[in-house]
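One structure below.
Read-outs: derived from the displayed coordinates by stated rules, not from any lab. Since we're looking at a predicted model, the values are computed, not measured. So basically every Cβ, Gly included, is an ideal-geometry build from the backbone, and we count neighbours across all protein chains shown.
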Amino acid sequence: MKDILIIGAGPVGLYAWSCAGMLGLSGYIIEGNDSPGGQPWELYPEKALYDMPGFPEIKTKTFIENLMAQVNNNSNQITYFGKTNILTVDEKNNGFTVTLTTSEILNVKTILITTGNGVFTPIRLEHLDPNHEYNNLWYAVKNLEPCTNKKVIILGGGDSAVDWANHFVEDNITKDVTIVHRRELYRAKESNVQKLQKNKITELKPYHIKNVDTSANQIIGLTLEHEDTKAILELTGDYFIVQYGAKVAPTMLQQFTLETAPFRKIIIQPSGQTSHPHIFAAGNTAYYEGKYYNMVTGFGEAINALFNITKIIHGNKYHPGYLSDIKK
Ligand SMILES: Cc1cc2nc3c(=O)[nH]c(=O)nc-3n(C[C@H](O)[C@H](O)[C@H](O)COP(=O)(O)OP(=O)(O)OC[C@H]3O[C@@H](n4cnc5c(N)ncnc54)[C@H](O)[C@@H]3O)c2cc1C
């Protein structure tokens, strides 16, 4: 039986993974999405972070890549399973037998839940085969370079759509940006909405998409219909960025009967322990009164939970010491 199963490989799960490795814990980490990285990787990889200790400014994508590099240095005792979820959990012999949706069976002594806000899947553009990949249709902006001096069409009217429209112009990626929104009013911060005009962004609203013109792996253009006048507009572009928000899949953690707070958050003690003595939680999924939900808070909770997990594995008197000593 291995020491630990970490559920969720967002930033907090990734940090827990490398620390668990450094602490000498054996086990597994599972991730429901195609790739690890969680919300920062899926939702805002190109933005800068300003609140990471030791980094005055760092691109989110680079920060997540650094977390992954840290994992690679310390992960040899922890096995990763991607695009999988938990099917059943049985408690037996002072541990857990966990069956995954991909049929693997894992036997572990403890569990650390780092499932954040759940598995994110972007809301997709209608009119398209969901199983077909289009090179110039993006649901998350993971690399700005291809858009340099190209015609970029942004679909959506929320904060991230408006943010991206401004970002492309303000960071001198391209001046040719169009935003298409199906309502007259944006659902975004007013100061950013006002920047759209200043940045000379073409605003097409209220328009909805009537048809998408494709060729092999490319989007060629969109047919738009005005919500009121029903006038038709044909719009071509080089890159199409859909920012309709994301659906959060049900947590699929109903196999655990843990004490929860509103929004299905899991209540934890200062030790990171949930209402089950061998199940811990950290990051956005974990709740206590007065908590500020950000990455640094989650990292602290994760290492603290792991420290208490080492006590379950090695006995209450065990103290792992500082990781700088362990790694020497
Ligand atoms: C636009 C935006 C900007 C932000 N800016 C900042 C910032 O500047 N600084 C900052 O510190 N924080 C910021 N945050 C908050 C930060 O992203 C979160 O605090 C952080 O992502 C929490 O990390 P997490 O690992 O707990 O959860 P998540 O990032 O949500 O990751 C959870 C992971 O678990 C996986 N998962 C979920 N359920 C299961 C399951 N049942 N089985 C397997 N895998 C599962 C998910 O797919 C995901 O990969 C921002 C958030 C947003 C939306």
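Put simply, the convex hull of the Cα atoms in the chain casts, on average, a shadow of 19.1 nm².
Simple point charges give the picture: +1 on the Cβ of Lys and Arg, -1 on the Cβ of Asp and Glu, and for the range 124-244 a dipole about the Cα centre of about 260 debye. Calculated FRET efficiency, GLU104 to GLU225, Cβ-Cβ distance, R0 = 51 Å: about 0.60 to the nearest 0.05. Hey, what angle do you get for helix 60-74 against the long axis of the chain, alpha-carbon based, 0 to 90 degrees rounded to 10? That helix lies at roughly 30 degrees to the long axis. The slack between LYS200 and ILE58, meaning 0.36 nm per residue of separation minus the straight C-alpha distance, is 48.3 nm. The fraction of all Cα pairs in the range 53-108 landing in successive 10 Å bins from 0 to the largest distance is 19, 30, 28, 18, 5, given as whole percents.
Other residues with beta-carbon under 15 Å from the beta-carbon of THR79 carry, at +1 per Lys or Arg and -1 per Asp or Glu, a net charge of -1.
Extension gain, LYS175 to GLU46: 0.36 nm times the residue separation minus the Cα-Cα distance gives 44.6 nm. Of all lysines in the structure, the ones whose alpha carbon falls short of 22 Å from that of LYS109, not counting any fewer than 8 places away in one chain, are LYS2, LYS92, LYS311, LYS317. Excluding same-chain neighbours fewer than eight residues apart, the aspartates and glutamates reachable from LYS198 by a Cα-Cα span under 15 Å are ASP163, GLU170, ASP171, ASP176, GLU190. Partners of LYS200 within straight-line reach, counting lysines whose Cα lies under 29 Å from its Cα and excluding those fewer than 8 residues away in the same chain: LYS47, LYS59, LYS61, LYS142, LYS150, LYS151, LYS175, LYS189, LYS210, LYS230.
Taking 0.36 nm per residue of sequence separation and removing the Cα-Cα distance, the ASN73/ASN217 pair yields an extension gain of 48.1 nm.
Mean projection of the alpha-carbon convex hull of the range 1-64 over all orientations, in nm²?
4.9 nm²
A simple spin-label model places the labels of LYS247 and THR88 2.8 nm from each other, with each point 7 Å out along Cα-to-Cβ. Note on GLN269 and GLN255: their simple-model spin labels are 2.4 nm apart, each label 7 Å out from Cα toward Cβ.
Shape call for the range 124-244 from the C-alpha gyration tensor, a ≥ b ≥ c root eigenvalues: rounded (a/c under 1.5), prolate (a/b greater than b/c) or oblate? Mind showing how you got there, number by number?
On the way: a/c = 1.69, a/b = 1.12, b/c = 1.50.
Cα axes put the range 124-244 in the oblate bin.
Taking every Cα-Cα distance in the range 90-169 and sorting them into 5 Å bins starting at zero, the pair-distance distribution P(r) comes out as 3, 9, 15, 15, 13, 9, 7, 9, 10, 7, 3, 1, 0 percent.
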